[in-house]
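*Asks:* Sending over a structure as structure tokens; questions will come in a sec.
The values are calculated or read from the model by the stated rules, or taken from the named source; none is laboratory data. This is a predicted model, so every value here is computed, not measured. Ideal geometry is used to build each Cβ from the backbone, glycine not excepted, and the neighbour counts take in all protein chains shown. Note: accessible area is taken over every heavy atom of the protein model, side chains too, but ligands, DNA and RNA are not part of it. Shrake-Rupley method; radii C 1.70, N 1.55, O 1.52, S 1.80 Å.
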Amino acid sequence: MSNTNQKQTQDSKVSKKDFWLTLPQYCLPQHSLSRLMHKICRCQKPWFKNRIISTIIKQYQVDMSEAVQPDISHYKHFNAFFTRRIKIDSRPIAYGSDVLVSPVDGCISQLGSIDEGRIFQAKGHDYSTLELLGGDQQLAAQFDGGQFATIYLSPRDYHRIHMPISGKLTRMRYVPGKLFSVNPLTVRGVPRLFARNERVITIFQTDFGPIALILVGAIFVGSMETVWHEGEITPPYTKDILDWHYTDTHIRLNKGEEMGRFNMGSTVVLLLPADAPTWTEEWKAEMKIKLGQALT
């Protein structure tokens, strides 16, 4: 369904304004700032954490009526608020064994087909599945001719990640990298952004083949967790790719079940194989989407 190649031809030039606005990020101590934010978000002083929470709610118009705990004084620190649980009935999961659903609340950055191993990022930018998946050729080949969806989570969104379809966990991979912002401006201005930033790649075997659910880190978002891994995957940060294989375990998660969380906002990239159901024509770039809404 994708017109990816056509888009790349039409949008071959990157805006000079976007380039200059994102240039300072190359000079920032991205990981040091993220470590500092990690500490700030876990400060338990009531006056401090309540002030930050109140400010975020007001600035981003966060709907606390959806939260299991709407009283901000009950949150231990800001991160506890940011990763708050929401009421189950506030995000109905679309029915159907062949229906994939959005794994998160957010805004669709891009979605379409994977053409010749390339994924469309934004005006003038694409990147390879091989680079995104940390250089594993065998893994990247499983998504040749498949589809991708990139969903951006803003500070107002629910920040837990859920399964788009039922599947058995087979592998997790941590790929170190930069921590550029992942807001729309930076997506337009930084080439190969999602293949350069730190990320956690999770692979699940489903009824129609493997899917990849990729958690992309960003500045102030260098902390990601999954429900099966004890503690945070980052920090600490490493310079090496880390792999976990789950061939001898039986970790199976059902569609709609929580699989992980960002400890600040970021982006999820979903990869599907060639034989998977295709995205519906309803969804386009820059459209808002909710957890549980049908993508196929």
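*Asks:* For segment 82-163, state what percent of all Cα-Cα pairs lands in each successive 5 Å bin, counting from 0 Å until the bin that includes the largest distance.
*Replies:* Reading upward from the zero bin: 3, 12, 19, 18, 19, 14, 11, 4, 0.
*Asks:* Please sort 87-100, 248-261 by packing, taking for each peptide the average over its residues of neighbouring beta carbons within 10 angstrom, highest first.
*Replies:* Per-residue Cβ counts within 10 Å, averaged per peptide and sorted highest first, yield 248-261, 87-100.
*Asks:* Over the residues of segment 158-248, compute the C-alpha Rg and express it relative to 2.2 N^0.38 Å.
*Replies:* My calculation over the Cα atoms of segment 158-248 gives 1.13.
*Asks:* While we're on this one: Which of the residue pairs Lys17/Lys123; Lys49/Lys288; Lys17/Lys39; Lys58/Lys290; Lys239/Lys284; Lys255/Lys288 have a Cα-Cα distance greater than 24 Å in the structure shown?
*Replies:* Lys49/Lys288; Lys17/Lys39; Lys239/Lys284
*Asks:* List the equivalent ellipsoid semi-axes of the chain in whole Å, largest first, each obtained as the square root of 5λ for an eigenvalue λ of the Cα gyration tensor.
*Replies:* Semi-axes, largest first: 28, 23, 20 Å.
*Asks:* Could I ask something else about it? Using the Karplus curve 6.51 cos²θ - 1.76 cosθ + 1.60 with θ = phi - 60°, work out ³J(HN,Hα) for each residue of segment 208-216 in order, rounded to whole Hz, and write x for Gly and Pro.
*Replies:* 10, x, x, 10, 10, 10, 10, 9, 9
*Asks:* Additional query: So for segment 138-296, averaging the separation of alpha carbon pairs under 8 Å that are six or more residues apart and normalising by length, what relative contact order in percent results?
*Replies:* 37 percent
*Asks:* Phe262's amide H: which non-local residues (gap 5+, or another chain) put their own amide H closer than 5 Å, with H modeled 1.01 Å from N in plane and none for Pro or chain starts?
*Replies:* Hits under the 5 Å cutoff: Ile161.
*Asks:* In whole percent, and with a 1.4 Å probe on the protein chains, what portion of the accessible area of segment 15-132 is carbon and sulfur?
*Replies:* Here it works out to 59 percent.
*Asks:* In whole percent, how big is the carbon plus sulfur part of the accessible area of segment 160-296, probe 1.4 Å, protein atoms only?
*Replies:* Taking all protein chains in place, segment 160-296 shows 51 percent carbon and sulfur surface.
*Asks:* Computed FRET efficiency, Cβ-Cβ of Glu116 and Ser15, R0 45 Å: what is it to the nearest 0.05?
*Replies:* Efficiency, rounded to the nearest 0.05: 0.95.
*Asks:* So, one more: Say each of Glu131 and Lys76 gets a label point 7 Å from the Cα, pointing the same way as Cα to Cβ; how far apart are those two points in nm?
*Replies:* Label-label distance for Glu131 and Lys76, simple model: 3.9 nm.
*Asks:* For Arg160, what charge total do you get from the other residues with a beta carbon under 11 Å from its beta carbon, if Lys and Arg give +1 and Asp and Glu give -1?
*Replies:* Around Arg160, the charge tally is -1.
*Asks:* Can you tell me the accessible area per residue over the chain, all protein chains present, probe 1.4 angstrom, in square angstrom?
*Replies:* Counting only protein heavy atoms, the per-residue value for the chain is 47 Å².
*Asks:* What net charge do the residues around Phe208 carry, taking every other residue with its C-beta under 12 Å from that of Phe208, with Lys and Arg at +1 and Asp and Glu at -1?
*Replies:* -3
*Asks:* If each residue of separation counts as 0.36 nm, what is the full-extension length gain between Ile251 and Ser90 once their alpha-carbon separation is subtracted?
*Replies:* Length gained, Ile251 through Ser90: 55.3 nm.
*Asks:* For a quick check, take a GNM of the chain with Cα springs below 10 Å and name the residue from Leu215, Leu130, Leu270 with the largest mean-square fluctuation.
*Replies:* Looking only at Leu215, Leu130, Leu270, the biggest GNM fluctuation is shown by Leu130.
*Asks:* How much length is gained on full extension from Arg42 to Arg192, taking 0.36 nm per residue of separation minus their Cα-Cα distance?
*Replies:* 50.9 nm
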